[in-house]
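The values are calculated or read from the model by the stated rules, or taken from the named source; none is laboratory data. Keep in mind that what you see is a predicted model, and the values were worked out from it rather than measured. All Cβ positions, even for glycine, are placed from backbone atoms using ideal geometry, and neighbour counts span all protein chains on display.
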Amino acid sequence: MDVQSLLALTLAALLVFLIAHGSPVVTIRLGGSEARTTFPMAILAAWDAGEYGVALLSGVSAVLAPALFIGIRLYLLLPLALGRVPVGLAVCLRLLHHVSRWNTVEVLTVAALLSLVRIAALAQATAGPGLAALAALALLLAALESAGLHHLWWRVR
Amino acid sequence: MSPTALPGQPEDGPHSGPPSGQHAGPAAGQDSGTGWIGCKCCGLVSAAVPGPSAPQHCPRCNHTLHWRKPMSLQRTWACVLAAAVLYVPANLLPIMHTTQAFRSSPHTLLGGIAELWHDGAWALAAIVFIASIAVPLMKIGALALLAWSVHYAPQWRRLERARVYALVEAVGHWSMLDVYVVVLLAAMLRFGSVASAQAGPGLLAFAAVVVLTMVAANSFDARLIWQDPENQ
């Protein structure tokens, strides 16, 4: 895959990432009130409840890792598409190598579906746009991952 | 990441010579035989610098090059044993407390699966069972077997062992499933007055098992599988 199509995919992933974590995954109706939950909100709630380890782990693997995965690629691919070699290409590629190991968006997608099923027993719950975006993000990140960045190593001097 | 997918580079040849040449001493036995080190990060193959403990860096990406990862087996064993110990509280302690109509009830990992099964969600129960029970157990067992066999059965079924290692690396993060489910459920029910959910102590132990097995898999050097016994 050439730099142009990689950049297009990465931009798409950025938009889908913003939707996935910015819009509710599940909406719950209890009586007259309605509660929407995004995943970052859920992590903050876990942090407030004193579950620091779990909140940190979820935040790193489900939010920070995909954010870096997309962000570093954008930083590399935007200058490359314009014909320039970005500063710190080697460092960024090394960072990406470590980041992709901790990216778990596909697991989060299945987890969101599961919690939707389990919450349906207790309250009236509907899937939000964040759930569909999570599924799309999992596919986009898998496509980016399998396209790889190995050919970019040949630009490193 | 595929260290084997190394593009040929005939005109340049492999990079040779260390960034700092002062370590060039006599070969220390372990390095003799193989004069090449593949970079785990960018895949470039470099000439090995002979010497007992010369920290060599990849000339392209500056990643530290190791003929074998240092202390690979010790680190793997440490993480595997810690994960095995924590696996017990992860399964015995409740990972979640739900409060419904002023009645609090604890939920363990297996209890949650049993609930799904009784509700008729067999496919979901199977997914959760595989992700939360089978995968961590399989990883602990497989990594212990891999680490054990390096010394005690070095030539036994090498190809299968390499495949098992690849599988362990590929499925590792799926165990995060239950951690996310509890985080989401607790947040969803926070606003409700009818029911609420809190994470239990088992969840932290379970999360630690997941992270420890991932670190253990990362610590294990797959090249040890292919190592000849006399080369150790």
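Name the one entry in A:55, A:67, A:8, A:46 that is within 14 Å of residue A:140 (Cα to Cα), in contact (Cβ under 8 Å) with a residue 12 or more places away in the chain and small (Gly, Ala, Ser).
Result of the check over A:55, A:67, A:8, A:46: A:67.
For the condition in a helix (DSSP H, G or I) and either within 23 Å of the chain's Cα centre (by Cα) or not assigned by TED's automatic domain parsing to the domain that holds residue B:134 (or both), what is the one hit in B:185, B:167?
On inspection, the qualifying residue turns out to be B:167.
Can residue A:155 be described as modelled with pLDDT under 85 and either surrounded by 19 or more Cβ atoms within 10 Å (Cβ to Cβ) or more than 8 Å from chain B (Cβ to nearest Cβ) (or both)?
Against the criterion (modelled with pLDDT under 85 and either surrounded by 19 or more Cβ atoms within 10 Å (Cβ to Cβ) or more than 8 Å from chain B (Cβ to nearest Cβ) (or both)), residue A:155 qualifies.
Going by what's in this entry, would residue B:118 be described as touching a Ser or Thr at 6+ places or on another chain (Cβ under 8 Å) and within 14 Å of chain A (Cβ to nearest Cβ)?
So residue B:118 does not fit the description; no.
Is there a residue in the stretch A:118-133 that is part of a helix (DSSP H, G or I), without any contact (Cβ under 8 Å) to a residue 40 or more places away in the chain and surrounded by 19 or more Cβ atoms within 10 Å (Cβ to Cβ)?
Yes, that holds for at least one residue.
Would you check which residues across the stretch A:26-36 are more than 7 Å from chain B (Cβ to nearest Cβ) and touching a residue at least 24 places away in the same chain (Cβ under 8 Å) and list them?
Within the stretch A:26-36, A:27, A:29, A:36 qualify.
Is it fair to say residue A:39 is out of contact with any Gly (no Cβ under 8 Å at 6 or more places or on another chain) and touching a residue at least 60 places away in the same chain (Cβ under 8 Å)?
no
Which is β-branched (Val, Ile, Thr) and assigned to a helix (DSSP H, G or I), of A:87, A:107?
Values: A:87 fails: assigned to a helix (DSSP H, G or I).
Unique residue meeting the criteria: A:107.
Could you tell me which residue of the stretch A:77-134 is farthest from the other protein chains (Cβ to nearest Cβ), considering only residues that are hydroxyl-bearing (Ser, Thr, Tyr) and within 30 Å of residue B:64 (Cα to Cα)?
Restricting to residues being hydroxyl-bearing (Ser, Thr, Tyr) and within 30 Å of residue B:64 (Cα to Cα), the top hit is A:100.
Take residue B:66 and decide whether it is surrounded by fewer than 18 Cβ atoms within 10 Å (Cβ to Cβ) and within 14 Å of chain A (Cβ to nearest Cβ).
On the way: surrounded by fewer than 18 Cβ atoms within 10 Å (Cβ to Cβ): yes; within 14 Å of chain A (Cβ to nearest Cβ): no.
No: the conditions fail for residue B:66.
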